[in-house]
Structures are given as C-alpha cells and as structure tokens.
1. Quick check, is residue 49 in contact with a strand residue (DSSP E or B) (Cβ under 6 Å, 6 or more places away or on another chain) and within 23 Å of residue 13 (Cα to Cα)?
2. In region 103-115, which residue that is of a type outside the set (Lys, Arg) and open to solvent by 20 Å² or more (accessible area, probe 1.4 Å) is farthest from residue 92 (Cα to Cα)?
3. Take region 1-34 and flag every residue that is hydrophobic (A, V, I, L, M, F, W, C) and in a strand (DSSP E or B).
4. Those residues that are of a type outside the set (A, V, I, L, M), open to solvent by 20 Å² or more (accessible area, probe 1.4 Å) and closer than 13 Å to residue 97 by Cα, I need them from region 17-29; list them, please.
5. Does residue 37 meet the test of being outside any loop (DSSP other than H, G, I, E, B), open to solvent by less than 50 Å² (accessible area, probe 1.4 Å), touching a helix residue (DSSP H, G or I) at 6+ places or on another chain (Cβ under 9 Å) and closer than 16 Å to residue 4 by Cα?
6. Going by the structure shown, is residue 120 surrounded by 19 or more Cβ atoms within 10 Å (Cβ to Cβ), assigned to a strand (DSSP E or B), in contact (Cβ under 8 Å) with a residue 24 or more places away in the chain and more than 12 Å from the chain's Cα centre (by Cα)?
7. Out of region 14-68, which residues are under 14 Å from the mean Cα position of the chain (by Cα) and of a type in the set (D, E, K, R)?
8. Just checking: which of the strands (runs of 3 or more DSSP E) contained wholly in region 51-100 hold 1 or more residues that are in contact (Cβ under 8 Å) with a residue 24 or more places away in the chain, crowded, with 18+ Cβ neighbours inside 10 Å and of a type in the set (Gly, Ala, Ser)?
Amino acid sequence: QVQLVESGGGLVQAGGSLRLSCAASQRTFSSHAMGWFRQASGKERSFVAFITRSGGDTYYGDSVKGRFTISRDNAKNTVYLQMNSLSPEDTAVYYCAAGLFGSRWPSDYRYWGQGTQVTVSS
C-alpha cells in the first residue's frame, strides 16, 4: 500500500504561484506513475497532469498547459506540481494519485492522497 500526503496548498492572488508536493510512504514510489487531479466545489474531479515512472514523459490537461509543471524526485519519493499564472478558475482541492501507468482517468489510479486546498483570489 502506498500512502500519499499532499502539501503546499493555500490562498494566493491571481497571477501568483504555488508549488504542491506529494510525499509517498514507500520506496516503491519509483514503480508508479503519478498524477495530479483537482476538484472544484460542485464539479467532478478533473485531470491536471501526470508523469511517468522515470519522469521522462509528462502530460497536461488543456487548461493548465504552459502554466503548470509536474516533476518528481524518486530519491525523495516526492512528486511536485509547480503552478504559475494562477487564476480563480484554478481554485479547487488538488489530489495526487499513484498508478501503474500514467492516465487522464481517475479510475486508473489505485492510491490517492487526502487533497490540499488551493484558493486563488481575484
């Protein structure tokens, strides 16, 4: 079982930046692809980005492409999400997830963190 703990959320003004972190409990972290998803109030969970096990490939949702960057440090069992040029539309609870392969679909991920709130004020 992989336990995931997100951190780094908070309140930021529009145009600002935040960096989310997700720490995994096990050394098998490097055998999992990692994804970030978000869920705004009253909406379904949506894909943000994922990164392959080695970190060699990354994929982004259209709404964050060019503004967000996913990365990982397998030595630290941690995946990151650098978020720049934030807008109020980015306000949501952000979740990290681990799966055997990268995917845009939440159902393809086996392990999930508890989420961290990101609020962007206008």
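The values are calculated or read from the model by the stated rules, or taken from the named source; none is laboratory data. All values derive from a computational prediction rather than experimental measurement. Methodologically, a virtual Cβ is constructed for each residue, glycine included, from the backbone with ideal geometry; neighbour enumeration extends over all protein chains shown. Accessible surface areas use protein heavy atoms only, side chains included; no ligands, DNA or RNA. Shrake-Rupley method; radii C 1.70, N 1.55, O 1.52, S 1.80 Å.
1. On the way: in contact with a strand residue (DSSP E or B) (Cβ under 6 Å, 6 or more places away or on another chain): yes; within 23 Å of residue 13 (Cα to Cα): yes.
Yes.
2. Residues of region 103-115 of a type outside the set (Lys, Arg): 103, 105-109, 111-115.
Right, trim to open to solvent by 20 Å² or more (accessible area, probe 1.4 Å) and you get 105-108, 111-112, 114.
On the way: 105: 18, 106: 16, 107: 19, 108: 21, 111: 19, 112: 16, 114: 13 Å.
If we take residues in region 103-115 being of a type outside the set (Lys, Arg) and open to solvent by 20 Å² or more (accessible area, probe 1.4 Å), then 108 is farthest from residue 92 (Cα to Cα).
3. Step one: of region 1-34, the residues hydrophobic (A, V, I, L, M, F, W, C) are 2, 4-5, 11-12, 14, 18, 20, 22-24, 29, 33-34.
Those that are hydrophobic (A, V, I, L, M, F, W, C) and in a strand (DSSP E or B): 4, 5, 11, 12, 18, 20, 22, 23, 24, 33, 34.
4. Scanning region 17-29 gives 21, 25.
5. Yes.
6. On the way: surrounded by 19 or more Cβ atoms within 10 Å (Cβ to Cβ): yes; assigned to a strand (DSSP E or B): yes; in contact (Cβ under 8 Å) with a residue 24 or more places away in the chain: yes; more than 12 Å from the chain's Cα centre (by Cα): yes.
Answer is yes for this residue.
7. 19, 38, 45, 65, 67, listed by residue number.
8. Values: elements: 58-60, 68-73, 78-83, 92-99.
Qualifying strands (runs of 3 or more DSSP E): 92-99.
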